[in-house]
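Heads up: the structure comes next, in structure tokens.
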Amino acid sequence: MVYEQEFLGRKLKIETNFLASQASGSALVSFGETVVLGTATMSENEIEADFFPLTVDYEERYYASGKIKGSRFMRREGRPSEEAVLVARLIDRAIRPYFSSSLRKEVQVVLTVFAFDGKNDPDFPAFIAASIALAISNIPWKGPVAGMRIANIENENKTIFLPTYDQRQKAILDFFVSGVKDVNEDILFNMIDGEAQEVGEELVYRSFLETKDYLKKIINFQDNIIKKEAKEKVAFDKDVKDYKKIYKKNEKKIKESLLLSAEEDDKSKKKSVLVREKIKEEEEIDSYLFEYFVEKVLHDMILDEDLRPDKRKIDEIREIKTSVGILPRTHGSGLFCRGLTHILSTLTLGAPGDELLLEGMEIEGKKRFLHHYNFPPYSVGEVGRIGSPGRREIGHGALAEKALRSVIPTSEEFPYTIRIVSEALSSNGSTSMASVCASSLALFDAGVKIKGAVAGISCGLVIEETLEEILDLEKKIKPISERKYKILTDIQGPEDGFGDMDFKVAGTEKGITAVQMDIKIRGLTDKILKESFERAKKARKEILNQMSKSLSSPRSELSPFAPCILTVKINPEKIREVIGPGGKVINTIIEETETSIDIEEDGMVFITAENKENAKKAIDWIKNITRELKVGEKFKGKITRILDFGLIIELLPNQDGLLHISSIPNKLKSGPLDKNFRPGQIIPVEIKGIEKDGKIRLGFVLGNESFFSQKKPK
């Protein structure tokens, strides 16, 4: 079936179960001329796992943009690009809360971009394709969801919905926001991801509210399709035994284990594990059911007693410790510790030529600021395989990069390529936001003149839930707006694992630079969202104050181990003279001055060297090559060739002129010219004229008796 609707002046078209007819559900979604196929498939058998096995894959196809791309030696798609991983994670976080917590069958959602028109970002049709494919399939899922990208351009003070790429480049905020309907038909926010340029909380919050009508329109469009197309959902057994009796009997012991698990000493943690294992063994229940009990106990502790597992206040941040310059030789380093979360960020400065070259389905260009994140298994006290970064590491690295990007100086102000690597040395909640703090300190330590320090914090949520709801047994669901809740500042282990929200906000004193939110409940009301922003702002300012005690501003000078970069602007028409035939000239400069040279199309030249002297030597060389000569200038030129009709004189590197025989004094042209002149000889000359084609006419400078006393060639 084909369904069409106008949306924001463009055609939104959905074709259901048309191409991938053997998938549990599929939808081909077109927006403009961007087309994405979404499929949802579920395995027949359950697997033994302590988690719900959901996989979301976002597949970019180079042919979608009408170009042949990829490696020269293998013209096909390889591992997913960073952009593809981030879109897959974005969709995963939006759809995951609506699967039954007891489901243990593998579910895979695949989004394949078939066509890309260069204007409409595929993330929007991909999001809808995932929602529709799941909603009309036999997979137990409680959607649909709707999501869209929004932007706001400075001075225009209005929200742009589904902005173009050009609009996003100019935007002071760029977010993807998604929502879902509550039981009372209200739109709840369930996922946020994006960045801003130090924008105030009020503007960000208002922009999110303005999306609600559009999200509702997308959901209503999907609802009409679901009514006609949806298959009957697969039922599955839930082994919950006499859960009420078991829960009541062990509630106090579970609370004891929760309080012990938050202690920082190994003895308490081991005791917590023993308590839990004993309950599971005595009651003959599996880990799934026991974890639901833990979730209920955590909620009741916080909602009824204001008691967090580590006994902190609701708005209290764990102890913060910071340090800078702790590593020798590196160009900048920062250590940020918040409780048991410890992050070490190390910064490296490089030449402009060290930029990352991007060539993907959507993005082509260069990237001069890079942030990477590593999460080794020892950070959580485990043994595990260390390999290439996984999706989580890519996602956390990208989030911290967004948080810092708006404060990084432009290439004109600071021509270096910047790479920061954040190492999670110890993890107990929100290592991504700790990475923002550690990396901000590393930038200060390196002497990078960023606009201001950046800090990040994660806020959590516990909201009123019955045990039946947690076990997915409740038939009548209470609206989110009618429930008790508590917002938690600086969540750690148990609050992250058994809580209902992870709300990450990064920013400076001036405003927000990045937000990422995902939830485990139905969604957030406007009120909860606003309070979460206010709580995060208060915490961010407190963290910034603590960070300033180690270093309050960028160092005045770069590290002595950082490369020196000097710049010079030349006439773009002179670029080929600097490069020379086959790169001969520029390679000679690079070799003799021990530098690296990068030349932009506009004539900007960047010289990178280990010391300033070498960089200056290369600058002087290039200036001489590209110097604009003027009539009347005098030189001591070197003879490079002797012709029958005159001498070719080198005035500057790669700049020659002709001293015609008629301009040579009579006493020096008796007989052949090579009788009185030799290659390499220095003679005084003056520029008499410059032709339209650039050829230079020279004259002999009289009155230089020293020349006439030079030893004549044999």
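Some points to look at:
- Three-way shape label, the stretch 47-168, alpha-carbon gyration tensor, a/c 1.5: oblate
- Residue 630 - accessible surface, heavy atoms, 1.4 Å probe, Å² rounded to 10: 140
- Whole-Å distance, taken between Cα centres, linking the stretch 57-93 and the stretch 528-595: 29
- Multiplying the residue separation of residue 210 and residue 464 by 0.36 nm and subtracting their alpha-carbon distance yields 88.7 nm.
- In loop segments of the stretch 55-152 as defined by DSSP, the chymotrypsin sites (Phe, Trp or Tyr not before Pro) with at most 15 further C-beta atoms inside 10 Å of their C-beta are 73.
- About the Cα centre, charge dipole magnitude for the stretch 122-237 (Lys/Arg +1, Asp/Glu -1 at Cβ), debye: 560
- Residues residue 22 and residue 304, FRET efficiency given R0 of 41 Å [Cβ-Cβ distance, rounded to 0.05]: 0.25
- Length gained on full extension, residue 682 to residue 51: 218.9 nm, using 0.36 nm per residue less the C-alpha separation.
- Set 636/667; 233/475; 321/504; 270/478 screened for pairs whose C-alpha atoms are more than 26 Å apart: 270/478
- For trypsin sites (Lys or Arg not before Pro), the sites in the stretch 1-78 that DSSP calls loop and that have at most 12 other Cβ atoms within 10 Å are 67, 72, 75, 76.
- For the stretch 213-258, the square roots a ≥ b ≥ c of the C-alpha gyration tensor eigenvalues yield an a/c of 1.5 or more together with a/b not exceeding b/c, which makes the shape oblate.
- Calculated mean residue ellipticity at 222 nm for the chain: -9500 deg cm²/dmol, from DSSP H runs with n ≥ 4 weighted as -39500 (n - 2.57), summed, divided by the residue count and rounded to 500.
- Normalised convex hull volume, the chain, alpha-carbon set, Å³ per residue: 205
- In this structure, the residue pairs whose Cα-Cα separation is over 24 Å, taken from 623/675; 669/692; 11/212; 181/527; 245/296; 311/402, are 623/675; 669/692; 311/402.
- Solvent-accessible surface (1.4 Å probe) assigned to residue 100 amounts to roughly 10 Å².
- Each of 293, 645 has its accessible area taken with a 1.4 Å probe; listed largest first, they run 645, 293.
- FRET efficiency estimate (nearest 0.05) - Cβ-Cβ, residue 4 to residue 263, R0 60 angstrom: 0.55
- Burial order of peptide ranges 582-591, 182-191 (average beta-carbon count within 10 Å, highest first): 182-191, 582-591
- Accessible-area value, residue 161, 1.4 Å probe, nucleic acids and ligands omitted, Å²: 30
- Dipole moment magnitude, nearest 20 debye, the chain about Cα centre, only Lys, Arg, Asp, Glu C-beta charged: 2600
The values are calculated or read from the model by the stated rules, or taken from the named source; none is laboratory data. Please read these numbers as outputs of a predicted model, since none were measured by experiment. Here Cβ is always computed from backbone atoms with ideal geometry, including for glycine, and neighbour counts include all displayed protein chains. Remember, those area values only see protein heavy atoms, side chains included, never the ligands or the DNA or RNA. Shrake-Rupley method; radii C 1.70, N 1.55, O 1.52, S 1.80 Å.
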